[in-house]
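K.L.:
Quick one: structure below, then a few questions.
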Amino acid sequence: MKTNFREHFVVCGLGSLGQHCVQTLKSFGSTFPVVAIARVPPVNQEIIALDQLLDQLIIGDCCQDEILKQAQIEHCRAALIVTADERINAETALAIRRLNSRTRLVIRSGKSNFNQLLQRHLGNFIAFEPAELPAFALAWTALGDENLAWFSLDNQWLRLVQKDYQQTYARALVTFNHHGRRLLQHHPPWLEPTTTFYNWPPGTVANRGDRLIYVEMAHQFLGYQRTMPVQTKTWGWRKWRSGGRSFSWQRFWQLSLRQKLRSIAALSGVIITALLFLGSVLFHYYYPDTSWLGAFYGTTVLLLGGYGDLFGGWEAIPQLPWWLQLFALSLSVVGTAFVGILYALLTEALLSASFQFQPAQLPVPQQDHIILVGLDPVGQQIAQLLQQFRQPFVAIALKPQQAQNLDYRHVPLLTGSLETVLPQANVKTARSIILATADEMVNLEAALWVRSQNPEIGLVLRASGQRLSDHINTVLPDAHVLSVYALMAEAFAGAAFGENILNLFRLNQTTILVTEYHIEAGDTLNGLLLSDIAYGYGVVPLLHHHPNGETQLLPPEDIQLHLGDRLVVLATIESLRRIEVGQKFPKTYSLTIEKLGYQNAAFEATRAIARISGCSLTVAHDLLQQLPQALPEPLYGQPAERLLHTLQKLQIHGSLQKLPD
């Protein structure tokens, strides 16, 4: 009997990625049917009880109209096209769009230009590069310091930071937030990290040793993006004395030998040109019968060491001033020295061209570096990220052809078998190692050997399936084993619900998705304050843009969303599920305003209450006329505490009460 589905999902391809997509989609709730299409029944089931998760399995070619109609593609909400063949994925996307002009298309494809063309012509389409998203997670996990992740939004950088509070005095958590920073998690030393944001009640303070995780604007921490300070122009002797860009002895002695020679050569050229001009003028003046060309040739002969050719003999020439004859001798001496420098530079250039067939490779860092093993597309993406953020690392290519696309003039590179190259990578002093090869057994073998050499090194392993990841964690419990397909599946599943997944990383063994929303009619976010979205769904607003307004990074929580707005948030897969079905956490705090410190504070208090709580100005005004009185609607804990702090600054007394469950 055929089951009629509406608003269901279709997964094309039941390889490792397809199976993880099915599992992730079903984690959103049982109300969303999932239909899968596969050429053959899956042989290796990486997901336990896969057949129980599927509402229907169709065996056939997903490119064929008959198979797609059997999957009721005309009623499909979103199609996840994740086979290993990019040609089949593109063909299936075209076939689905012909049968259903509205369904969401999420495909696996690494052809960025082709993907942009498909998006332009098909609409409601998104494609993911198979190597890009896992590379982000693997790279950030290996940092091993306070920087948990970096990501860019509209060419502005943010970073996720983990720090231990070191001050001896207690500090209220509400005071950590400002326009450039948002506190996400707080963990006292005796508590295990959680997977949720805003995991503290109002009134919580940070004590020495507490762990804080926050997101902040990061442009000031990117050294290569800092602009040089504006300097006024300084000329001549003052600029030379001030050590400006024209000349600095301290800067000169810090240069390499080659740079010193080039600087001397440039200076020599300037001096030779000046002497050539001065000598030509003087000789033409004191020898009126000599043409300008003759004076020029005579000066050139002197600069090439030809003093004896022009002024042969030991005696001074009577008709020539003594100082001019001395100047001619100086020309020969200076010219000989500078010509020697020119010959030295030419010799160096010829020798470099003859013997330096390949640029010299950089040496392996000695300590506190990252080791990257594997340079397939995922590994190359990781290398680019580490280069971009100037992290010291050495790359290891197990196959020579993998290193062809890596610029080894800027990256230390070792090529060969693991047994040969790992001892050369300074494993004992490394900060962490990323084992990113596609062979899980090679990754495990390398991890066991590296751990025997350095018990403190951070281990980051790439795995395909979640089952093997769990097995490796039993052997190496402190290692970070990331399932590539599980990570990608969360991005695909989030995109299937109409959201654009911009980035992802791992935090406390949980995948965090950087997710973009475009507010449309009927959205569960439309009309809400950012504070209600943040604490109601457990997400972190990172960017807000109104079509007629400016873009705000880490926007104020008092902004209300409207149709056409763009919002980017940090979210877990559970948060996305809550947003999809409109399931907010309950508001559990009541704020009571007891009395005004002075009557003139009522105007500012009215505005603050309306802005933070979301009530109307009329309600806020009437509230302050009969005190003490509680706000008519409950609030989330953090906004309630922020409102209480704002009122206290206006000398208005109030209190918070936790509502009974």
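K.L.:
Condition check: within 11 Å of I370 (Cβ to Cβ) and at pLDDT below 90. Does Q391 satisfy that? Spell out how you get there, then give the answer.
P.N.:
Values: within 11 Å of I370 (Cβ to Cβ): yes; at pLDDT below 90: yes.
Yes: the conditions hold for Q391.
K.L.:
Working carefully through the options V460, V442, find the one that is under 26 Å from Q384 (Cβ atoms), of a type in the set (V, I, T) and open to solvent by less than 20 Å² (accessible area, probe 1.4 Å).
P.N.:
On the way: V442 fails: open to solvent by less than 20 Å² (accessible area, probe 1.4 Å).
Checking each option against the conditions leaves just V460.
K.L.:
Of the residues that make up segment 130-147, is at least one more than 30 Å from D61 (Cα to Cα), among the β-branched types (V, I, T) and either open to solvent by 10 Å² or more (accessible area, probe 1.4 Å) or without any contact (Cβ under 8 Å) to a residue 12 or more places away in the chain (or both)? Talk me through it step by step, then tell me what you get.
P.N.:
At the first step, the residues of segment 130-147 found to be more than 30 Å from D61 (Cα to Cα) are 135-147.
Those left that are additionally among the β-branched types (V, I, T): 141.
Filter once more, keeping what is either open to solvent by 10 Å² or more (accessible area, probe 1.4 Å) or without any contact (Cβ under 8 Å) to a residue 12 or more places away in the chain (or both): 141.
So far as segment 130-147 goes, yes, one or more of its residues are more than 30 Å from D61 (Cα to Cα), among the β-branched types (V, I, T) and either open to solvent by 10 Å² or more (accessible area, probe 1.4 Å) or without any contact (Cβ under 8 Å) to a residue 12 or more places away in the chain (or both).
K.L.:
Follow-up. Taking the condition aliphatic (A, V, I, L, M), farther than 23 Å from T194 by Cα, surrounded by fewer than 19 Cβ atoms within 10 Å (Cβ to Cβ) and out of contact with any Lys or Arg (no Cβ under 8 Å at 6 or more places or on another chain), does A601 pass? First the steps, then the outcome.
P.N.:
Numbers: aliphatic (A, V, I, L, M): yes; farther than 23 Å from T194 by Cα: yes; surrounded by fewer than 19 Cβ atoms within 10 Å (Cβ to Cβ): yes; out of contact with any Lys or Arg (no Cβ under 8 Å at 6 or more places or on another chain): yes.
Answer is yes for this residue.
K.L.:
Still on this structure: Starting from segment 581-607, keep only residues that are more than 19 Å from S655 (Cβ to Cβ), then list their pairs with residues that are among the small types (G, A, S) and modelled with pLDDT of 90 or more whose Cβ atoms are within a distance under 6 Å, requiring at least 6 positions of separation or different chains.
P.N.:
K584/G536; F585/G536
K.L.:
A further question follows. Here's a check for you: in segment 523-548, which residue that is assigned to a loop (DSSP other than H, G, I, E, B) and of a type outside the set (S, T, N, Q) is nearest to F497 (Cα to Cα)?
P.N.:
Filtering segment 523-548 for residues that are assigned to a loop (DSSP other than H, G, I, E, B) and of a type outside the set (S, T, N, Q), the one nearest to F497 (Cα to Cα) comes out as D523.
K.L.:
What residue, of I593, I519, I579, is of a type outside the set (S, T, Y) and either under 21 Å from S27 (Cα atoms) or open to solvent by 60 Å² or more (accessible area, probe 1.4 Å) (or both)?
P.N.:
Working: I593 fails: either under 21 Å from S27 (Cα atoms) or open to solvent by 60 Å² or more (accessible area, probe 1.4 Å) (or both); I519 fails: either under 21 Å from S27 (Cα atoms) or open to solvent by 60 Å² or more (accessible area, probe 1.4 Å) (or both).
From the options I593, I519, I579, the qualifying one is I579.
K.L.:
Look through segment 97-151, keep the residues that are basic (K, R) and more than 22 Å from the chain's Cα centre (by Cα), and return whichever of them is nearest to V11 (Cα to Cα).
P.N.:
Among them, the one singled out is R104.
K.L.:
Next up: Do we find that R108 is of a type outside the set (A, V, I, L, M, F, W, C), at pLDDT 90 or above and open to solvent by 20 Å² or more (accessible area, probe 1.4 Å) in this structure? Give the steps one after another, and end with the answer.
P.N.:
On the way: of a type outside the set (A, V, I, L, M, F, W, C): yes; at pLDDT 90 or above: yes; open to solvent by 20 Å² or more (accessible area, probe 1.4 Å): yes.
When the stated conditions are applied, R108 passes them.
Matching residues to (1) within 26 Å of the chain's Cα centre (by Cα); (2) at pLDDT 85 or above; (3) more than 30 Å from V373 (Cβ to Cβ):
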residue: I457; (1), (2), (3): yes, yes, no
residue: R462; (1), (2), (3): yes, yes, no
residue: H471; (1), (2), (3): no, no, no
residue: N508; (1), (2), (3): yes, no, no
residue: D523; (1), (2), (3): no, yes, yes
residue: G527; (1), (2), (3): no, yes, yes
residue: P541; (1), (2), (3): yes, yes, yes
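K.L.:
Sort out which residues of segment 140-156 are outside any loop (DSSP other than H, G, I, E, B) and at pLDDT 85 or above, and write them in order of number.
P.N.:
The first filter runs over segment 140-156 and keeps only residues outside any loop (DSSP other than H, G, I, E, B), leaving 140-141, 147-153, 156.
Matches in segment 140-156: L153, Q156.
K.L.:
Taking the criterion of being over 25 Å from L507 (Cα atoms) and among the acidic types (D, E), would at least one residue in segment 143-155 satisfy it? Spell out the reasoning first.
P.N.:
So in segment 143-155, the residues over 25 Å from L507 (Cα atoms) come out as none.
Scanning segment 143-155, I find no residue that is over 25 Å from L507 (Cα atoms) and among the acidic types (D, E), so the answer is no.
K.L.:
Take segment 513-545 and flag every residue that is of a type in the set (A, V, I, L, M) and within 23 Å of G637 (Cα to Cα).
P.N.:
Answer for segment 513-545, where residues must be of a type in the set (A, V, I, L, M) and within 23 Å of G637 (Cα to Cα): L525, L528, L529, L530, I533, A534, V539, V540, L542, L543.
K.L.:
Can you find a residue in segment 196-210 that is of a type in the set (D, E, K, R), surrounded by 15 or more Cβ atoms within 10 Å (Cβ to Cβ), in a strand (DSSP E or B) and touching a residue at least 24 places away in the same chain (Cβ under 8 Å)?
P.N.:
Our first condition is that a residue be of a type in the set (D, E, K, R); within segment 196-210, this holds for 208, 210.
Cutting the leftovers down to surrounded by 15 or more Cβ atoms within 10 Å (Cβ to Cβ) gives us 210.
Imposing the further condition that a residue be in a strand (DSSP E or B) reduces the set to none.
No.
K.L.:
For segment 609-645, what are the residues that are crowded, with 20+ Cβ neighbours inside 10 Å, within 44 Å of the chain's Cα centre (by Cα) and among the hydrophobic types (A, V, I, L, M, F, W, C)?
P.N.:
Within segment 609-645, I609, I612, A620, L631, L635, A640, L643, L644 meet the criteria.
K.L.:
Let me ask something else. Tell me the residue from A495, A486 that is at negative phi, open to solvent by less than 10 Å² (accessible area, probe 1.4 Å) and assigned to a helix (DSSP H, G or I), please.
P.N.:
On the way: A486 fails: open to solvent by less than 10 Å² (accessible area, probe 1.4 Å).
Matching residue, one of A495, A486: A495.
K.L.:
Tell me which of these V34 doesn't satisfy, since it passes every other one: (1) touching a Lys or Arg at 6+ places or on another chain (Cβ under 8 Å); (2) farther than 25 Å from I579 by Cβ.
P.N.:
The one condition V34 does not meet is (2).
K.L.:
Among the residues of segment 26-55, what is the count of those that are open to solvent by 50 Å² or more (accessible area, probe 1.4 Å) and closer than 17 Å to C76 by Cα? Before you say what the answer is, go through the steps one by one.
P.N.:
Quick first cut of segment 26-55, residues open to solvent by 50 Å² or more (accessible area, probe 1.4 Å) only: 27, 30-31, 39-41, 43-45, 48, 51-52, 55.
Of the ones still in play, those that are also closer than 17 Å to C76 by Cα are 30-31, 55.
Summing the residues that are open to solvent by 50 Å² or more (accessible area, probe 1.4 Å) and closer than 17 Å to C76 by Cα in segment 26-55 gives 3.
K.L.:
So, restricting to helices (runs of 4 or more DSSP H) that lie completely within segment 372-482, which ones have at least 2 residues that are farther than 20 Å from L143 by Cβ? Please lay out each step first, then the result.
P.N.:
Working: elements: 377-388, 418-421, 440-453, 466-475.
The qualifying helices (runs of 4 or more DSSP H) are 418-421, 440-453, 466-475.
K.L.:
Of all residues in segment 164-176 being open to solvent by less than 80 Å² (accessible area, probe 1.4 Å) and touching a residue at least 40 places away in the same chain (Cβ under 8 Å), which is nearest to the chain's Cα centre (by Cα)? Spell out the reasoning first.
P.N.:
Filtering segment 164-176 for residues open to solvent by less than 80 Å² (accessible area, probe 1.4 Å) gives 164-165, 170-176.
If we keep only those that are touching a residue at least 40 places away in the same chain (Cβ under 8 Å) too, we end up with 164-165, 174.
On the way: D164: 23, Y165: 25, V174: 27 Å.
Only one residue tops the list, namely D164.
K.L.:
When you go through E520, E516 one by one, which is the residue that is closer than 30 Å to Q119 by Cα, among the charged types (D, E, K, R) and part of a loop (DSSP other than H, G, I, E, B)? Please lay out each step first, then the result.
P.N.:
On the way: E516 fails: part of a loop (DSSP other than H, G, I, E, B).
When all the criteria are applied, what remains is E520.
The values are calculated or read from the model by the stated rules, or taken from the named source; none is laboratory data. Quantities reported herein were computed from a predicted structural model and do not represent experimental measurements. Glycine gets a Cβ as well: all are built from the backbone with ideal geometry, and neighbour counts include every protein chain shown. All accessible areas refer to the heavy atoms of the entire protein, side chains included, with ligands and DNA or RNA removed. Shrake-Rupley method; radii C 1.70, N 1.55, O 1.52, S 1.80 Å.
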